[in-house]
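These notes are about the structure you will find just below.
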Amino acid sequence: MDERGGSGRLTGSDVLAHCLAKPGAWRDEPWEGDVVVKVADKIFAFASESSRSVGLKCAPTRIEADEWLRQFPDDARTMPYIGRSGWNTLDLGGAIPDRDLLAAVDESYRLVVSKLPRSRRP
């Protein structure tokens with residue numbers, strides 16, 4: 001059995017660990033049962049050990065983030081409430097390659113950090 005639960009695909013634990021390895025990243029649970037990962041006081045990922053998906057800021061605009069929906073119609077969807085700002089939910093274990101999921105985490109982190117005042121960036 002490998003470190004990804006035997007399937008060879010990313011798990012919620014893998015994604016959460018990748019998020020938490022980012023400089024300045026920390027785990028929070030602002031709403032009971034909803035785990036998020038923040039940098040400074042800003043969320044860059046909705047992820048947990050048991051999750052089969054991850055919520056990320058996929059692009060600066062909704063129009064750009066829609067590329068995920070076009071490319072992976074069964075495994076990407078606009079996040080409720082914050083989707084208009086470029087946030088999507090991406091499913092783990094589906095058509096989205098693991099490397100693309102991890103790259104999306106990296107991009108979400110980069111986009112959120114870029115909006116922080118320089119004094120609060122890690």
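The values are calculated or read from the model by the stated rules, or taken from the named source; none is laboratory data. Note that the structure is a prediction, hence the values are computed from the model and not measured. Ideal geometry is used to build each Cβ from the backbone, glycine not excepted, and the neighbour counts take in all protein chains shown.
Restricted to the stretch 75-119, and to residues there that are in contact with a Gly (Cβ under 9 Å, 6 or more places away or on another chain) and of a type in the set (D, E, K, R), the residue that is nearest to Thr61 (Cα to Cα) is Arg77.
I'm trying to understand the selection: among the residues of the stretch 3-54, which are small (Gly, Ala, Ser) and part of a loop (DSSP other than H, G, I, E, B)? Selection gives Gly5, Gly6, Ser7, Gly8, Ala21, Gly24, Gly33, Ala40, Ala47, Ser48, Ser50, Ser51. Among residues of the stretch 60-84 that are under 18 Å from Tyr109 (Cα atoms) and assigned to a loop (DSSP other than H, G, I, E, B), those with a Cβ under 8 angstrom from a residue that is modelled with pLDDT of 95 or more and of a type in the set (A, V, I, L, M, F, W, C), sequence gap 6+ or separate chain, pair up as Pro60/Leu111; Met79/Phe46; Met79/Trp87.
Within the stretch 102-122, being buried (at least 18 other Cβ atoms within 10 Å of the Cβ) and touching a helix residue (DSSP H, G or I) at 6+ places or on another chain (Cβ under 7 Å) holds for one residue alone: Val105. Residues of the stretch 14-40 that are at pLDDT below 95, of a type outside the set (Phe, Trp, Tyr), on the phi < 0 side of the Ramachandran plot and surrounded by fewer than 18 Cβ atoms within 10 Å (Cβ to Cβ): Glu29, Pro30, Glu32, Asp34.
Would you call Phe46 under 27 Å from Arg120 (Cα atoms) and either under 11 Å from the mean Cα position of the chain (by Cα) or at pLDDT 95 or above (or both)?
Against the criterion (under 27 Å from Arg120 (Cα atoms) and either under 11 Å from the mean Cα position of the chain (by Cα) or at pLDDT 95 or above (or both)), Phe46 qualifies.
Cβ-Cβ contacts under 7 Å between residues 6 or more apart (or on different chains), taken from a first residue in the stretch 103-121 that is farther than 16 Å from Leu16 by Cα to a second residue that is among the aromatic types (Phe, Trp, Tyr) and not in a helix (DSSP H, G or I), are listed as Val112/Phe44. If only residues of the stretch 49-100 that are exposed (fewer than 13 other Cβ atoms within 10 Å of the Cβ) and among the acidic types (Asp, Glu) are counted, the one that is modelled with the lowest pLDDT is Glu49.
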